[in-house]
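What follows is a set of notes on a single structure, which appears directly below.
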Amino acid sequence: METLPSPFAGLIEGAFEVNDAPEAHRYRSLFLSDVHLGTKGCQADLLLDFLRYHDADTIYLVGDIVDGWRLRSGWYWPQAHNDVVQKLLRKSRKGTRMVYLPGNHDEFLRDYYGNHFGGIEVVETAIHEGADGKRYLVIHGDVFDVVVRHARWLAFLGDGAYTAALGLNTYLNWARRKLGFPYWSLSQWAKLKVKNAVNFIGRFEEAVATEARRHKVDGVVCGHIHHAVIHDSFGVEYINCGDWVESCTAIVEHADGRFELIDWARQSRARVSAPLLVEPPRVAA
């Protein structure tokens, strides 16, 4: 088995094991992207909660799982991030096929295509065959982002601004909670405003769909732009996993080949705010 590249050596060996929930719902395939472990914006606790209740025969890690850009500028790795790694490795040991497709933030792994780390395959792209016989190109998608490809300095600048917006968002939503207002994402609003202004999302989706047609497949599963969606507007099925910084979404494939977008942040909020269906027992005075 290959050794993890520095400075990531020891993350697997040094963490403790996290138990799986016995009631986990099992799917044929599960797709996760843009977790950004190693950043303060990563919602690792929500991802751990999701992984306790969701399992699959095959799990695709569709890039930017670990954020090497942030970790190079300052080490941040709390226990919850270690727990996510251990949870995934435990699933692999229990028989789940794990496929890792590095993105631009974890590009250090692109030197290890064809290798296995703890049973996790590292590949550049994959062709996933659904239960219904349809074929899907699986790719992170940063190669279709003009900013990342041709203006790397601007990509780093944008990443810093996004991180700052996430930090400001924490304080903004503390104030909103005090005033009785629901959660609102400043960083997501700003990102969508800017990218909509230049039609970035639409162009990205069209470019990725074009690549899928070039591969003569029925659809594409990707990440990168943190915009979870399933549609067929460009002649093939376009599926984006979203992220685990704000939206906390994942894609699952059911036993019949049907794909579903799961919004775990919304489901978690609904669980917490659901009224009690049964009146709690009275305590004798």
TODO: Could you identify the single residue in Arg135, Arg90 that is of a type in the set (Lys, Arg), surrounded by fewer than 18 Cβ atoms within 10 Å (Cβ to Cβ) and within 16 Å of Ser29 (Cβ to Cβ)?
DONE: Arg135
TODO: Spot the failing condition for Trp153; the list is (1) modelled with pLDDT of 95 or more; (2) farther than 21 Å from Gly242 by Cβ, and only one is missed.
DONE: (1)
Task: Residue count for the range 6-48, restricted to those that are at pLDDT 95 or above and polar (S, T, N, Q) - done: 2
Open item on the list: Just to check your reading of the model, which residue among Thr96, Thr3, Thr58 is modelled with pLDDT under 95, of a type in the set (Val, Ile, Thr) and over 16 Å from Thr249 (Cβ atoms)?
Closed with: Thr3
TODO: Go through the range 231-243 residue by residue and tally those that are under 15 Å from Val138 (Cα atoms) and either loosely packed, with under 15 Cβ neighbours inside 10 Å or in contact with a helix residue (DSSP H, G or I) (Cβ under 8 Å, 6 or more places away or on another chain) (or both).
DONE: 3
TODO: Please specify each residue of the range 114-150 satisfying the condition of being modelled with pLDDT under 90 and either part of a helix (DSSP H, G or I) or acidic (Asp, Glu) (or both).
DONE: Val143, Phe144, Asp145, Val146, Val147, Val148, Arg149, His150
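The values are calculated or read from the model by the stated rules, or taken from the named source; none is laboratory data. Keep in mind that this is a model prediction, so the values were computed, not measured. So basically every Cβ, Gly included, is an ideal-geometry build from the backbone, and we count neighbours across all protein chains shown.
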